[in-house]
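Below is one structure, written out as structure tokens; the observations come after it.
The values are calculated or read from the model by the stated rules, or taken from the named source; none is laboratory data. Keep in mind that this is a model prediction, so the values were computed, not measured. Backbone-built Cβ (ideal geometry, glycine too); neighbour counts: all protein chains shown.
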Amino acid sequence: MNFTDVLSNAFRGAFGPEAAIYALAAVGLNLHFGFTGLLNFGHVGFMLVGAYGVAVSVSTWGLSLWVGLLVGIACSIVLALILGIPTLRLRGDYLAIATIAGAEVLRYFYRSDWAAPLTGGVYGLRQFANEFFALNPYSSDLALGPLYFSARNLWVMTAGWALVILASLLVYLLIRSPWGRVLRAIREDELAARSLGKNVYAYKMQSLVLGGVIGGIAGALIAIATQSVNPDNFNPAVTFYLWAIMILGGASTILGPIIGSMIFWFLATFLDSFLRNATASGVIPPDLLSGPDVGALRFVFVGLCLLLLMIYRPAGILGDPKELRLDVR
Amino acid sequence: MSDELINPSLIDAREEIVATEQDSARSEGAKRAAAALAGVAAEPGVAKPDAILVADDVSKSFGGVKAVRVDHLEVQRSTITALIGPNGAGKSTFFNLVSGFDKPDTGTWSFNGTDISGSPAYRIARRGMVRTFQLTKALMRLTTLENVMLGATGQRGERMLNAPLRWVWKGQEKDIEQKADDLIERFRLGHMRDEFAGTMSGGQRKLLEMARAMMVDPTMIMLDEPMAGVNPALVQSLLGHIQQLRDDGMSIVLVEHDMDVIMSISDWIVVFAEGAVIAEGRPDDIRTNEKVIEAYLGKRRALPTSQENEA
Ligand SMILES: Nc1ncnc2c1ncn2[C@@H]1O[C@H](COP(=O)(O)OP(=O)(O)OP(=O)(O)O)[C@@H](O)[C@H]1O
Ligand SMILES: [Mg+2]
């Protein structure tokens, strides 16, 4: 049983590329739900079109990676419009249903034989982000005591966390403006906002598009970081991890998604590493738990930790518990 | 205390005092409104000399219930017009229809001479016709100040592209804050300024909603039971505000159940029953109107008198 290993792995998880990418996606989701009250249960759909925008542009069409990024962003905008135009005039549940269904339909579409000439079908696409790694300023790996990051990962982390900070800063500026005040008013009561002359539909659409674009960029970053896309990596579970991250950190706070993502990935890698270490060293008998089950079991424990957090900090780590006590009269 | 209240001579004396107070305190606006409405007959659907809101053939059914069926209704500009009627008479539904919050089955209506039937609610509000809700809609996780500031129209910072550019809207925001603070003081919510609106009491929320609506600078304001749950001392001062607004030229339509309030401040009263306008007139016309008494007390209570007459 090597605790230094377990802990250093956990810290790597907290700062690694996944944490940055999930934080970025959660910033977009937080704009939707935390600040506008939009029930988006298909955020992974934005990530998917963002990722494939890059992958298809480079691998299939032979375009530059940067053009691919723009294509990914454009696809996120189109997806937001397709989801929003028919549903945003209706009650909130319609958007929820449309987003769940939309994300799944997209996944099946991208993996279908019919789309395979473009998307690579079930095999996906790979090796399209060389342009990104060619710019890598880090020439050697980084070892901080037991903490170790490869030069590749360092570069992805730098880009990822920089984008997280940029996106958070943008959301911060937006939310503190009169525009953000209208969004928060819509979250509280759409009819009241409308009675004061606010074009609620337009504001909801703007929020859906902007949050969707942030999600799309996060998806593009996954594709770039792993140099591969596969439709089945964009499954509904991703959306629910994002919700967990947002609520854990504190929905409708600026730093919530960042803190939430770091804690989430700390817990996930800690438990994974801990269980693997424990089974390998025989602390947990092999007939009780073996290697392959660890991956599944760790999320059971992550869920348990989230449950405890919600009981003791119901508004999330950064959320204001006072807000939850406001009742409807 | 209760003996005093029951003593009839005292009540008479009090009413007399109230009556004389009101007579002597009749404002310029009230006189102006009375003069404008002087020649208008007290009958349902009557035309007004200077109507700001004109509704024609507006109807709405919920399943089998005909909630609203207004053949013709005009609201005179710069007056306080009260909508009264028993519970379920269709007053709130009528509000919802003309303010664009609900779609009618039939009907057209115009505001300030422009046909606004079918316009979305936010456009109607921008045109200057603002309404409040019977069930208050405090924006709970916004502070009182934010709630009121939201009402301001034409905010540059409300455009997404301007929003991150603080210097574009900072100056305007300051003016809006100043105006909001004035309104908050006027509605005696100063101590709640930076609290979440969700921490307010029911009556405070009514006040907040009115202050917020005033922030839009409406030409006509439609208040759905603004005094419900507000303490009597504050009701008096609110009535004062409402009269002041009328004196400044604003048109006010208000739904209210308190007859004392209605009779004391209305320039014109419209009576709803079962969705239709059954009577219209000045307070004195309504007080003595048979149909109104019947609508309020029910036919059964009204019948014996007619039987007595026949006997
Ligand atoms: N959304 C709705 N669905 C079904 N029926 C409705 C709806 N809204 C109103 N009604 C019906 O329409 C009628 C008029 O209701 P409305 O709320 O307009 O009455 P009101 O005059 O405002 O009464 P109150 O003085 O109690 O507020 C009632 O019979 C009510 O049951
Ligand atoms: Mg009502």
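Scanning region B:102-126 for residues that are surrounded by 16 or more Cβ atoms within 10 Å (Cβ to Cβ) and within 13 Å of residue A:199 (Cα to Cα) returns B:119, B:120, B:121, B:122, B:124, B:125, B:126. Residue count for region B:171-217, restricted to those that are under 27 Å from residue A:174 (Cβ atoms), more than 10 Å from chain A (Cβ to nearest Cβ) and assigned to a helix (DSSP H, G or I): 13.
Here is a check on your reading of the model: is residue A:154 at pLDDT below 90 and either within 14 Å of chain B (Cβ to nearest Cβ) or surrounded by 13 or more Cβ atoms within 10 Å (Cβ to Cβ) (or both)? Spell out the reasoning first.
Values: at pLDDT below 90: no; either within 14 Å of chain B (Cβ to nearest Cβ) or surrounded by 13 or more Cβ atoms within 10 Å (Cβ to Cβ) (or both): yes.
Against the criterion (at pLDDT below 90 and either within 14 Å of chain B (Cβ to nearest Cβ) or surrounded by 13 or more Cβ atoms within 10 Å (Cβ to Cβ) (or both)), residue A:154 does not qualify.
In region B:134-154, of all residues being surrounded by fewer than 22 Cβ atoms within 10 Å (Cβ to Cβ) and farther than 14 Å from residue B:196 by Cα, the one that is nearest to the chain's Cα centre (by Cα) corresponds to B:134. Looking only at region A:77-121, residues that are acidic (Asp, Glu) and in contact (Cβ under 8 Å) with a residue 24 or more places away in the chain come to 2 in all.
Quick check on my filter: what residues within region B:243-255 are surrounded by 21 or more Cβ atoms within 10 Å (Cβ to Cβ) and either more than 16 Å from ligand 1 (Cβ to nearest atom) or charged (D, E, K, R) (or both)?
Of the residues in region B:243-255, the ones surrounded by 21 or more Cβ atoms within 10 Å (Cβ to Cβ) are B:246, B:250-255.
Of everything in region B:243-255, those that are surrounded by 21 or more Cβ atoms within 10 Å (Cβ to Cβ) and either more than 16 Å from ligand 1 (Cβ to nearest atom) or charged (D, E, K, R) (or both) turn out to be B:246, B:250, B:251, B:252.
Here are B:222, B:210, B:215: which of them is closer than 20 Å to residue A:197 by Cα, in contact (Cβ under 8 Å) with a residue 12 or more places away in the chain and within 16 Å of ligand 1 (Cβ to nearest atom)? On inspection, the qualifying residue turns out to be B:222. A residue that is within 14 Å of chain A (Cβ to nearest Cβ), within 16 Å of ligand 2 (Cβ to nearest atom), crowded, with 19+ Cβ neighbours inside 10 Å and under 18 Å from the mean Cα position of the chain (by Cα) cannot be found anywhere in region B:59-75.
Of everything in region B:132-150 that's of a type outside the set (S, T, N, Q) and modelled with pLDDT under 95, which residue is farthest from residue B:218 (Cα to Cα)? Residue satisfying both the conditions and the ranking: B:141.
So, in region B:134-148, how many residues would count as being more than 7 Å from every other protein chain (Cβ to nearest Cβ) and touching a residue at least 60 places away in the same chain (Cβ under 8 Å)?
At the first step, the residues of region B:134-148 found to be more than 7 Å from every other protein chain (Cβ to nearest Cβ) are B:134-136, B:138, B:143-145, B:147-148.
From the residues that got through so far, the ones that are touching a residue at least 60 places away in the same chain (Cβ under 8 Å) too are B:134, B:136, B:138, B:144, B:147-148.
Of the residues in that region, 6 qualify.
Taken as a whole, region B:279-286 holds at least one residue that is part of a loop (DSSP other than H, G, I, E, B), modelled with pLDDT of 85 or more and in contact with a strand residue (DSSP E or B) (Cβ under 7 Å, 6 or more places away or on another chain). One residue stands out in region B:91-106 among those that are β-branched (Val, Ile, Thr) and away from every other protein chain (no Cβ under 14 Å): the one that is nearest to ligand 1 (Cβ to nearest atom), namely B:93.
Within region B:123-149, can you find the residues that are of a type in the set (S, T, N, Q) and either in contact with a strand residue (DSSP E or B) (Cβ under 7 Å, 6 or more places away or on another chain) or within 16 Å of ligand 1 (Cβ to nearest atom) (or both)?
Narrowing region B:123-149 to residues of a type in the set (S, T, N, Q): B:132, B:134, B:136, B:143-144, B:147.
Correct list: B:132, B:134, B:136, B:143.
Within region B:110-122, the only residue that satisfies the criterion of being in contact with a helix residue (DSSP H, G or I) (Cβ under 8 Å, 6 or more places away or on another chain) and either among the polar types (S, T, N, Q) or within 16 Å of ligand 1 (Cβ to nearest atom) (or both) is B:121. The set of residues in region B:215-238 being over 29 Å from residue B:173 (Cβ atoms) and either at pLDDT 90 or above or touching a Ser or Thr at 6+ places or on another chain (Cβ under 6 Å) (or both) consists of B:224, B:225. Listed conditions (1) closer than 15 Å to residue B:42 by Cβ; (2) of a type in the set (A, V, I, L, M, F, W, C); (3) within 16 Å of ligand 2 (Cβ to nearest atom) are all met by residue B:295, apart from (1). Among the residues of region B:76-88, those that are within 6 Å of ligand 1 (Cβ to nearest atom) and either buried (at least 24 other Cβ atoms within 10 Å of the Cβ) or among the polar types (S, T, N, Q) (or both) comprise B:85, B:87.
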